[in-house]
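Reading through the structure tokens given below for one structure.
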Amino acid sequence: MQPVVHPVVGYLCYAAYARWSHGEPPRDEPALVAVLTAGLADLLDKPLAAAGVVEVGRTVGHSLLFAVPVVAVAWMLAARANRRDLGVAVVIGYGSHVLADLPWHVLSGDYAELGFLLWPVTHMPAYTGVKPLGLGAVAGLEATTLWLEAVILVAGIVLWWIDGRPGVGVVGTAIGRLRERG
């Protein structure tokens with residue numbers, strides 16, 4: 001999945017949880033935490049790969065050997081601060097990233113590319129990229145995972161807008177505080 005789509009998937013998953021558990025759209029802080037943690041694996045791995053520290057962009061941050069302890073520590077800190085809502089947002093955000101990277105490999109039969117799940121214990125081969133959806137050509141173009149990701153991206157942004165753009169208020173407040181100090 002493309003890095004820009006992961007935060008949207010994190011939002012969609014957290015928004016579904018908020019509606020299921022509270023019957024309303026997500027609140028600002030947990031929505032922002034879900035979005036940020038949904039992008040965390042790529043924020044860690046892509047720069048490491050670009051710098052040549054690791055061979056591919058799905059290693060440390062995508063590995064369950066890293067993700068599970070990070071999520072567990074975040075959960076404990078949130079619980080200690082009496083902010084379980086933020087702990088849930090971390091679980092959903094980070095978990096959505098790892099889970100969203102699975103279907104393309106499974107559907108295309110590229111099982112070796114699932115090596116990121118237990119990296120460095122398992123080998124992660126070079127990522128083969130965009131996968132065909134097996135639908136053939138539409139308007140002369142092959143239907144690929146990018147099409148599905150584009151639909152997810154647009155749907156997530158539309159839902160976020162309809163929900164009142166949760167998270168924007170937190171960012172605006174933080175910027176205002178920085179301006180007051182400066």
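The values are calculated or read from the model by the stated rules, or taken from the named source; none is laboratory data. On a predicted model such as this, the values are computed, not experimentally measured, just so you know. Cβ: placed from backbone, ideal geometry, glycine included. Neighbour counts: every protein chain shown. These accessible areas exclude ligands, DNA and RNA; they are computed on the full protein's heavy atoms, side chains included. Shrake-Rupley method; radii C 1.70, N 1.55, O 1.52, S 1.80 Å.
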task: Please enumerate the residues belonging to the range 63-92 that are surrounded by 16 or more Cβ atoms within 10 Å (Cβ to Cβ) and over 18 Å from the mean Cα position of the chain (by Cα).
output: 78
statement: Output for Cβ contacts, cut-off 9 Å, separation at least six or different chains, first residue touching a residue at least 12 places away in the same chain (Cβ under 8 Å) and of a type in the set (Gly, Ala, Ser) in the range 57-78, second assigned to a loop (DSSP other than H, G, I, E, B) and open to solvent by less than 70 Å² (accessible area, probe 1.4 Å), reads 57/3; 63/119; 63/122; 63/124; 67/61
query: When the range 42-62 is examined, which residues are found to be within 17 Å of the chain's Cα centre (by Cα) and part of a loop (DSSP other than H, G, I, E, B)?
result: 57, 58, 59, 60, 61, 62
message: Can you tell me which residue is most open to solvent (accessible area, probe 1.4 Å) among those in the range 14-47 that are of a type in the set (D, E, K, R) and more than 18 Å from residue 85 (Cα to Cα)?
response: 46
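When you check residue 16 against the structure, is it touching a residue at least 12 places away in the same chain (Cβ under 8 Å) and out of contact with any Pro (no Cβ under 7 Å at 6 or more places or on another chain), yes or no?
no
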message: Suppose we keep only residues that are modelled with pLDDT of 95 or more and among the hydrophobic types (A, V, I, L, M, F, W, C) within the range 93-115. Which one would you say is surrounded by the fewest Cβ atoms within 10 Å (Cβ to Cβ)?
response: 99
task: Scan the helices (runs of 4 or more DSSP H) fully inside the range 80-182 and keep the ones with 2 or more residues being over 23 Å from residue 20 (Cβ atoms) and of a type in the set (Gly, Ala, Ser).
output: 168-181
message: Where the second residue is modelled with pLDDT of 80 or more and assigned to a strand (DSSP E or B) and the first is closer than 30 Å to residue 53 by Cα and open to solvent by less than 70 Å² (accessible area, probe 1.4 Å) and lies in the range 124-145, which pairs have Cβ atoms under 9 Å and are six or more apart or on separate chains?
response: 130/144; 131/144
